[in-house]
Amino acid sequence: MHVAGLILARGGSKGIRLKNLALLKGTPLLLWSLKTMSQSRGLTSIWVSSDHDDILELAHQNGAQIHRRSAESSSDGASSLDAINEFLDSHSEVDVVALIQCTSPFVRVAHLNEALAKMTSGCYDSVFSVTRSHSLRWMQLEPNETEVDVANTEEIRAVNFDPHCRPKRQDWNGDLVENGAFYLSSVQLLRRGLIQGGKDERSAQY
């Protein structure tokens, strides 16, 4: 089974320009992720997909294979799934894609190893990282035209709890919230237009 570790790192981020090269303790975010991937067990190959020469050069200098993204898959309207499938178009040998996010530089090698072991067991179509949250969530029913985030009970609705019986933290398991650190998906699932799901969707908590 060929498991390709993949970082999507386009140069044209609208939030922070070249955020993947931003320094954290003197080291670019890209290299934090590459270090974690290189120390993990289960990745057959490690790739960086980008449209920017500086990102591609840094990746190559640090042992990653590089994939040059097209202008179309690097546009503001393109999704991660678009970029992944473009990568797969050139790499038919890949069976599983492990998408690692540069914006989560503190992913632990042990957590990634656990996810890779689950994915390569053949029991799962997708494994992704989540955080357990005990936040009590409300949904706004109508747009709030005020600048202050205050709403009365006619404008909002409880999403994950009963306001008449507010749970104590120790009395419920909480919600699982994607933290965006990594997503492992089978190629069959990705070709169906999905990053998560499949015959047996599971999540790993990190």
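Bear in mind that the values in this text are calculations on the coordinates, not laboratory data. What you are looking at is a predicted structure, and each value in this text was computed from that prediction instead of being measured. Cβ coordinates were reconstructed from backbone atoms using ideal geometry, including for glycine residues, and neighbour counts include every protein chain displayed.
A simple rule links phi to the HN-Hα coupling: the Karplus curve 6.51 cos²θ - 1.76 cosθ + 1.60 with θ = phi - 60°, which for region 45-59 gives 8, 10, 10, 10, 10, 8, 9, 10, 4, 5, 5, 5, 5, 4, 4 Hz, with x for Gly and Pro. This model, with +1 at the C-beta of Lys and Arg and -1 at the C-beta of Asp and Glu, gives region 1-138 a dipole about its Cα centre of some 780 debye. Here, P(r) means the percent of Cα pairs in each 10 Å bin from 0 to the largest distance; for region 41-198 it is 9, 28, 28, 19, 14, 2.
Dipole orientation for region 1-135: of the candidates 103, 79, 67, 103 has the Cα lying most toward the positive pole (charges on Cβ; Lys, Arg +1; Asp, Glu -1). Where only DSSP H runs of four or more residues are counted, the chain gives -6500 deg cm²/dmol as its mean residue ellipticity at 222 nm, each run worth -39500 (n - 2.57). Specify the residue with the greatest mean-square fluctuation among 142, 178, 114, computed from a Gaussian network of the chain linking alpha-carbon atoms under 10 Å apart. Result: 142 has the largest fluctuation of those listed. If you run the Gaussian network model on the chain, springs between alpha carbon atoms under 10 Å, then out of 56, 141, 18 the most flexible one is 141. Averaging 1/r over every pair of different alpha carbons in region 1-126 and inverting the result gives a Kirkwood radius of 14.8 Å. When the chain is treated as a GNM with alpha-carbon contacts under 10 Å, the residue of 156, 100, 66 showing the greatest mean-square fluctuation is 156.
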